[in-house]
There are 4 protein chains.
Amino acid sequence: MTVRIGVIGTGMIGRDHTRRIAQVLAGAEITALSDYSTDAARKVQQDLVPAARVHDSGEDLIAAADVDAVLVCSTGATHEPYVLAAIAAGKPCFCEKPLATTAEGALRIVQAEVAHGSRLVQVGFMRRYDAGYRMLKRVVDNDIGTPLMVHAAHRNPTVPDSYGTPMAIHDTLIHEIDVLRWLLDDDYVSAQVVFPRRSSHAHAGLRDPQVVLLETAKGVRIDVEVFVNCRYGYDIQCQIVGEEGLANLPEPMTITLRKQAHLQNEILMDWKDRFIDSYDVELADFIKAAAQGTAAGPSSWDGYVAAITSDACVQAQDSGQIVPITLPDRPALYR
Amino acid sequence: MTVRIGVIGTGMIGRDHTRRIAQVLAGAEITALSDYSTDAARKVQQDLVPAARVHDSGEDLIAAADVDAVLVCSTGATHEPYVLAAIAAGKPCFCEKPLATTAEGALRIVQAEVAHGSRLVQVGFMRRYDAGYRMLKRVVDNDIGTPLMVHAAHRNPTVPDSYGTPMAIHDTLIHEIDVLRWLLDDDYVSAQVVFPRRSSHAHAGLRDPQVVLLETAKGVRIDVEVFVNCRYGYDIQCQIVGEEGLANLPEPMTITLRKQAHLQNEILMDWKDRFIDSYDVELADFIKAAAQGTAAGPSSWDGYVAAITSDACVQAQDSGQIVPITLPDRPALYR
Amino acid sequence: MTVRIGVIGTGMIGRDHTRRIAQVLAGAEITALSDYSTDAARKVQQDLVPAARVHDSGEDLIAAADVDAVLVCSTGATHEPYVLAAIAAGKPCFCEKPLATTAEGALRIVQAEVAHGSRLVQVGFMRRYDAGYRMLKRVVDNDIGTPLMVHAAHRNPTVPDSYGTPMAIHDTLIHEIDVLRWLLDDDYVSAQVVFPRRSSHAHAGLRDPQVVLLETAKGVRIDVEVFVNCRYGYDIQCQIVGEEGLANLPEPMTITLRKQAHLQNEILMDWKDRFIDSYDVELADFIKAAAQGTAAGPSSWDGYVAAITSDACVQAQDSGQIVPITLPDRPALYR
Amino acid sequence: MTVRIGVIGTGMIGRDHTRRIAQVLAGAEITALSDYSTDAARKVQQDLVPAARVHDSGEDLIAAADVDAVLVCSTGATHEPYVLAAIAAGKPCFCEKPLATTAEGALRIVQAEVAHGSRLVQVGFMRRYDAGYRMLKRVVDNDIGTPLMVHAAHRNPTVPDSYGTPMAIHDTLIHEIDVLRWLLDDDYVSAQVVFPRRSSHAHAGLRDPQVVLLETAKGVRIDVEVFVNCRYGYDIQCQIVGEEGLANLPEPMTITLRKQAHLQNEILMDWKDRFIDSYDVELADFIKAAAQGTAAGPSSWDGYVAAITSDACVQAQDSGQIVPITLPDRPALYR
């Protein structure tokens, strides 16, 4: 069976997912597109999927008979209503992060999905599909004993002036928040943020770098350096320290070059290159589950926990205090 | 357009390519299968592609109206007739290595394709599609100046008793023969083989390891260690030394683990894992070209040159001498 | 001129320094030994320096006419009186860590040396003489821009039952406390300690691992993992993050071995091997300065600051709070 | 006992050894100096060892009553007579490479030492004292099983115009010739040299790079790339392939720096920095043996074998043929 997919939002990521499903992955086809700019949707249709229909609204697209499953790639504020509409229609739905712009919104989605009674939503936390993180997960589960600490870093060479201090949490740390929970099979109980000396390369109004300290229910202590003006590259580091040993996320594969008095490996400068392969894998997983009328991978619950945890981190940025993180009981659907 | 593909030979690699086209890659479907054991073909059909038809012979399959392109995955001795039949039918044809079991056979395929007037054949030299070799190619072309030397190694942990000394060339070195020509954009002019002290782990009758010395038309000197009882892993090394610097093929991505007094990275033991991703990429390339009625990637000419070079290396094994390698003019089709 | 040295305390480290000066280093000779066990001192004399005299007390040794300079290698509680006696005698004095068992004691030494008017004391913080830290210092000073953060780790495979939670500061972290100040040319203003889930390999009563968070006057944020039951090795890590780049302390030099499906490097298990070369270098530095009647390298002030900082860290272990660190003005002698 | 040493030849290396013995190492003092330029010897005396006597000739120095042992650091052509004179005087003698400028000359020294009846000569093959090679020796002896192959490289960034093709053997490869025999505990039976495409950075008249192929009595096959215009650094590589695994000489210890889109380690440009520590260790070994009236480390026999092997390699450069290497029986003194 070929899954017929509609894409809501045909900006950079929506266009790229359209190409991915049309040209790279087996098992699905793009039958519908929509965008708040219908012209933009039409452009993507002409370029990539001439047989697809362009809808006037995401709601129409979700309702269309030739749409089995939905990709929500529109701007963050519209995620919640589109995902709720997809759930209401009983159609599997892949939603780019964030699941909703507030924890309350994310919780409404969780509740709707629980009411539906089976999983329909996959959140676009693609790192869980990265080959390196998957290797790390296997090693954490098998080789290093009980995890005790995590030392991580998320570094960008630079950010635009529109990037403010809380975005270091909502846009940047959010990936560590999700992937570390998954790696550790654990939840957060507190957050603290400390601010080192500010980099002179940070624009006015941005406190950069930051060190976020998280504590989990099992007692694991996590430190994540978030440094978005590090200049030298887009660099994602993750080290898990266990009772029996210690494992590091692999560096991306590169050529070792000996030249001009240096042994050197290139470091990526563009975040889009770092997890590029994982987009293929996450969508293949979505297609596979959607063919069965359900969803797998990062869930609404994961999206909700990420939202709650992010809010606590932002509060910790503001207060300088250790902020407790409390979660409602996890619904059976997500256990 | 969806390319309709027939697979001849449904053993390990034929079955895997069937799965790949049916379940992983966009743009193609499997419509036909054949095998010298029709039961084997039927098993694959039931498991993976229930809608496909099982043919009594490869010739029937090639002739079938619902077959746009052919994958030849049968035993080596049958490659030549099937590829010639595909060319005669004007259908794009992907042929696992070797293109033919003799240089003369490979040359007949070249001549048939030249007579046809456009490319139809892709040979399964998958290393050209490996992400690491592609990175190396880019660096060789841009960063290290004129190549002068290559130091390479092809190591297997062990081989079965059926593996004899010439197979170190025909089955093992053959990959370096092709991929180094491609990396250097060059051809070989001589071969020499020296035999180090024999490993006590080599079975009786196998001279292992060997060091193959190749010289190219541009004067590059290549040494390739072929060691198929190295015990420790399946390990492919390639270092290109240029006038301005030196580049190494990347190691496969692995977790760095600190445990039990060692900093350690796993080395693959199974050759099937080493280039697994490149099979997807080579077939995606085949599908893309086949949709246009042609072929790209490693050509019949490349298969023929590999055969000529292999023969010279085997002669060098026997004689202990430096064996010259001469090629006919390269037909315009392959320039 | 050959510096005539007396060694107080002929236990493991005293014996080793005696050998070092007698057999390895130019420019000095051992003329006197003492130990609270005179028999022990006599044993070292017979084994290594038959021409040396064994004194009944450290005070006698310090006063001896044929002693130009003193090494204090006795138990920690005796360091303060011996160092004060050496200062009173106007003789250069190398004192193993700690300079004194209390910050007050260290301050008395500082005051005595200031009263003397020139440097006489070198404290045995040998890491400043390690080739790796020296490389790191050069890079921090030249290549990475203003330092903003430090991520460090101090791991031991195991500790004896006598090792209690505060020893993680006084015996273990003390080295990072000194060497990071030196690397950064900075002082500490606060300390915080968080305790991850306890390793099940820690003996009862020891909270292990710990993460110590330090803040400097210039705003650098430091996290040091102290984990003394890490099992896998004695492993010292130090990463300095600057505005322009990031530098890591080198791993100790080892053979890369490919064997049994692993690419592997040995990790040291014994701390005594890790900085072994730096003992030669620190004592060569002591001999060189002593020949001029003075001292260089880590000073009494450095010993005092280490004591003050250690006390704050232990207080932070107990309270779970952020503990401020305040220092008196640095005397001109140490600027 | 303090060994009283005379240094013949006070050029760069002689001056440096004088400093080493006077200022760094225990157990010896410089009592005598000579140079064909007495002024040059006097300058070193004034700068470093004011108490030493300057002799008019090396012969006088060797004969002096206050000289227990001799360092021959003069130009190559004078090594043989000075070493023979030292043997005649029964004084331990450290001789910088080459032991003699001809194999015959080296053999005369061997014969004189054999006639003397005990070892007196150490040749300055310092790599045997390098920490990295010593680690490699331990691993070769214990961890990788029977050695089968060696892949090595000796690269210099550039050479002066006076450096001709045979110097690639006599001045450059000579170190590999000695150290590989020592690592493998083996002797050479044949040599072959192949010339890759010439680097455009090689000056007219120099064939660079070269690949030297050596075969040992035990059947080990060795390839050494000698490339003295490699531009990027002074880089010494050595990989030993054994039946059970494979070991690499460590890279020199360096800082790993992340900066400007690169993960980078410095490569040394100056050969003098590469083995600098090993000079201390080789002379400490000489002093220790000389105190017993004998010599250890690389022997006259090793110097002679290096000369014989070098001659064969130069012949192989000229002829393009495989040149056999035959040695007389090894005298009992050197077994």
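Among the residues that make up the stretch A:58-76, is at least one of them out of contact with any Lys or Arg (no Cβ under 6 Å at 6 or more places or on another chain), without any contact (Cβ under 8 Å) to a residue 60 or more places away in the chain, part of a strand (DSSP E or B) and not basic (Lys, Arg)? No, every residue in the stretch A:58-76 fails to be out of contact with any Lys or Arg (no Cβ under 6 Å at 6 or more places or on another chain), without any contact (Cβ under 8 Å) to a residue 60 or more places away in the chain, part of a strand (DSSP E or B) and not basic (Lys, Arg). Within the stretch A:8-34, the set of residues being under 13 Å from A:GLU96 (Cα atoms) and hydroxyl-bearing (Ser, Thr, Tyr) comprises just one member, A:THR10. More than 30 Å from A:PRO157 (Cβ to Cβ), of a type in the set (A, V, I, L, M, F, W, C) and surrounded by 20 or more Cβ atoms within 10 Å (Cβ to Cβ): does that describe C:ILE255? For C:ILE255, the condition - more than 30 Å from A:PRO157 (Cβ to Cβ), of a type in the set (A, V, I, L, M, F, W, C) and surrounded by 20 or more Cβ atoms within 10 Å (Cβ to Cβ) - is met.
Only residues that are crowded, with 22+ Cβ neighbours inside 10 Å and either modelled with pLDDT under 95 or among the basic types (Lys, Arg) (or both) were counted across the stretch B:133-165, and they come to 1. One residue alone among B:LEU249, B:LEU268 is in contact (Cβ under 8 Å) with a residue 40 or more places away in the chain and either in contact with a helix residue (DSSP H, G or I) (Cβ under 7 Å, 6 or more places away or on another chain) or closer than 30 Å to C:ASP270 by Cα (or both), and that residue is B:LEU249.
Determine if the stretch D:166-173 includes at least one residue that is closer than 19 Å to D:ALA103 by Cα and part of a loop (DSSP other than H, G, I, E, B). Show your work before the answer.
Going through the stretch D:166-173, the residues closer than 19 Å to D:ALA103 by Cα turn out to be D:166-173.
If we keep only those that are part of a loop (DSSP other than H, G, I, E, B) as well, we get D:166.
Yes, because at least one residue in the stretch D:166-173 is closer than 19 Å to D:ALA103 by Cα and part of a loop (DSSP other than H, G, I, E, B).
When the stretch A:77-127 is examined, which residues are found to be part of a loop (DSSP other than H, G, I, E, B) and either crowded, with 18+ Cβ neighbours inside 10 Å or in contact with a strand residue (DSSP E or B) (Cβ under 7 Å, 6 or more places away or on another chain) (or both)? Steps first, answer last, please.
Within the stretch A:77-127, the subset part of a loop (DSSP other than H, G, I, E, B) is A:89-92, A:96-102, A:117-120, A:124-125.
Answer for the stretch A:77-127, where residues must be part of a loop (DSSP other than H, G, I, E, B) and either crowded, with 18+ Cβ neighbours inside 10 Å or in contact with a strand residue (DSSP E or B) (Cβ under 7 Å, 6 or more places away or on another chain) (or both): A:LYS91, A:PRO92, A:GLU96, A:LYS97, A:PRO98, A:LEU99, A:ALA100, A:ARG119, A:LEU120, A:GLY124, A:PHE125.
Scanning the stretch D:104-149 for residues that are outside the structural domain of D:LEU213 (by TED's automatic domain parsing) and on the phi > 0 side of the Ramachandran plot turns up just one, D:GLY117.
Before we move on, is C:GLU29 among the acidic types (Asp, Glu) and in a helix (DSSP H, G or I)?
On the way: among the acidic types (Asp, Glu): yes; in a helix (DSSP H, G or I): no.
It is false that C:GLU29 is among the acidic types (Asp, Glu) and in a helix (DSSP H, G or I).
Please pick out the residue among C:HIS151, C:HIS175 that is under 14 Å from the mean Cα position of the chain (by Cα), more than 21 Å from C:LEU84 (Cα to Cα) and either within 14 Å of chain A (Cβ to nearest Cβ) or not polar (S, T, N, Q) (or both). Let's see the steps before the verdict.
On the way: C:HIS151 fails: under 14 Å from the mean Cα position of the chain (by Cα).
Residue meeting the stated conditions: C:HIS175.
Restricting attention to the stretch A:154-172 and to residues that are under 21 Å from A:CYS238 (Cβ atoms) and within 14 Å of chain C (Cβ to nearest Cβ), the residue that is farthest from the chain's Cα centre (by Cα) turns out to be A:PRO157.
So which of D:LEU213, D:LEU180 is surrounded by 22 or more Cβ atoms within 10 Å (Cβ to Cβ), more than 14 Å from chain C (Cβ to nearest Cβ) and modelled with pLDDT of 95 or more? Let's see the steps before the verdict.
Numbers: D:LEU213 fails: surrounded by 22 or more Cβ atoms within 10 Å (Cβ to Cβ).
Step by step, each of D:LEU213, D:LEU180 is checked, and only D:LEU180 is surrounded by 22 or more Cβ atoms within 10 Å (Cβ to Cβ), more than 14 Å from chain C (Cβ to nearest Cβ) and modelled with pLDDT of 95 or more.
From the list A:VAL159, A:VAL83, A:VAL139, A:VAL110, exactly one residue is touching a Cys at 6+ places or on another chain (Cβ under 6 Å) and among the β-branched types (Val, Ile, Thr). Which is it?
Numbers: A:VAL159 fails: touching a Cys at 6+ places or on another chain (Cβ under 6 Å); A:VAL139 fails: touching a Cys at 6+ places or on another chain (Cβ under 6 Å); A:VAL110 fails: touching a Cys at 6+ places or on another chain (Cβ under 6 Å).
Going through A:VAL159, A:VAL83, A:VAL139, A:VAL110 in turn, just one is touching a Cys at 6+ places or on another chain (Cβ under 6 Å) and among the β-branched types (Val, Ile, Thr): A:VAL83.
Among the criteria (1) under 26 Å from C:LYS288 (Cβ atoms); (2) surrounded by fewer than 18 Cβ atoms within 10 Å (Cβ to Cβ), the one D:ALA52 does not fulfil is (2).
Yes/no matrix, rows are residues, columns are (1) surrounded by fewer than 17 Cβ atoms within 10 Å (Cβ to Cβ); (2) within 7 Å of another protein chain (Cβ to nearest Cβ); (3) modelled with pLDDT under 95:
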{"residue": "B:SER199", "(1), (2), (3)": "no, yes, no"}
{"residue": "B:ALA202", "(1), (2), (3)": "no, no, no"}
{"residue": "B:LEU206", "(1), (2), (3)": "no, no, no"}
{"residue": "B:LYS218", "(1), (2), (3)": "yes, yes, no"}
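The values are calculated or read from the model by the stated rules, or taken from the named source; none is laboratory data. Quantities reported herein were computed from a predicted structural model and do not represent experimental measurements. Please note: Cβ atoms are built from the backbone with ideal geometry, for glycine as well, and neighbour counts cover all protein chains shown.
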